[in-house]
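The structure under discussion appears below in the form of C-alpha cells.
Each reported figure results from applying straightforward, stated rules to the coordinates on display, with no laboratory input. These numbers come from a predicted model, not from an experiment. Quick reminder, even Gly has a Cβ in these numbers, built from the backbone with ideal geometry, and neighbours come from all protein chains shown.
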Amino acid sequence: MSGRLVYVVGPSGAGKDSVLEYARMRLPANAGIIFARRFITREPGSAGEQHIPLSVSAFERVLANGHFALHWDANGLRYGIGREISTLMNLGFHVVVNGSREHLPTALEQFQNTFIVCITAPVEVIRHRLSQRARENDAEIENRIRRATSLKLPSGHNVTTIVNDGVLETAGNALTQVLAALKAEPPA
C-alpha cells in the first residue's frame, strides 16, 4: 500500500499553522498520518510552527547534498521538506506537508498521489490576523493580501477547502476529519 502526500496550502493569516497543529494533536498515533516538519531559515523559537531552523548557509549545504524532497523560497525565507517523506509514503503512511501554493505544481509533478487541502479565510479576517501578529507594516500586509487573492490552485485536481473564519475548533475538526477519512493503515 502506498501513502499519499497531503499538501496543505493557504495564504498567510488564514491560520494554517494553528489548524495543522490542532489536527496533529487530535489524530491518534496509529492513524497512519505523519506531519512533516519543515526546515526553515527562520530563527529558532520564533513565532509560528515548530520547525527545524537552519542558517542560509546550512540550508544550502543540505540542499546541495540532495536531502530535500521539496524546497522553495517565500517571503524572504527558504523552506525544505526532507526526502524521507518518500520512504514514509512507500511504507503506507500519508504525509502532511505545510506547503506553498507557488510550489504546488512541482510537488504534483514529483508526487502523483497528492491530496490538496486549502486552508483559507475571508480577506477581512486575514487582514485582521496579519495586523495582530505585528510582523509587517500596512503596505506589506496589503501586498500579502494581493498575493493571496491572485494565486490560483491548479485546475483538474481535487482540492478540499477549509474556511478558518471562526473558532479554531471548527476548522481544526474539519481538517482532522479530512485526514482521518484517508483511512491510513500503518505498516504491519
Revision key, fill the gap. Computed on Cα atoms only, the convex hull of region 25-120 has an orientation-averaged projected area in nm² of 7.1
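Would region 1-77 count as rounded, prolate or oblate if I go by the C-alpha gyration tensor, calling it rounded below 1.5 in a/c and otherwise prolate when a/b exceeds b/c, oblate otherwise?
It is oblate, given that a/c is not under 1.5 and a/b is not larger than b/c.
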Check your understanding: Which three extents, in whole angstrom, do the alpha-carbon atoms of region 78-172 cover along their principal axes, largest first?
Key -> 44, 29, 27
Practice item. Starting with the fewest neighbours, write out ILE52, ILE126, ILE145 ranked by other beta-carbon atoms found within 10 Å of each beta-carbon. Key: ILE52, ILE145, ILE126
**Study point:** Helix-only CD estimate at 222 nm, as mean residue ellipticity for the chain, using -39500 (n - 2.57) per DSSP H run (n ≥ 4)
**Key:** -11000 deg cm²/dmol
Review point. How do GLU124, GLU21 line up, fewest other C-beta atoms within 10 Å first?
Key: GLU124, GLU21
**Study point:** P(r), alpha carbons of region 84-133 - 5 Å bins starting at zero, rounded %
**Key:** 4, 16, 21, 18, 14, 9, 10, 7, 1
Review point. In the chain, what percentage of the DSSP-assigned beta bridges are antiparallel, given to the nearest 5?
Key: 30
Study note, to complete from the structure: Per principal axis, largest first, the Cα atoms of the chain extend in Å by 52, 40, 34
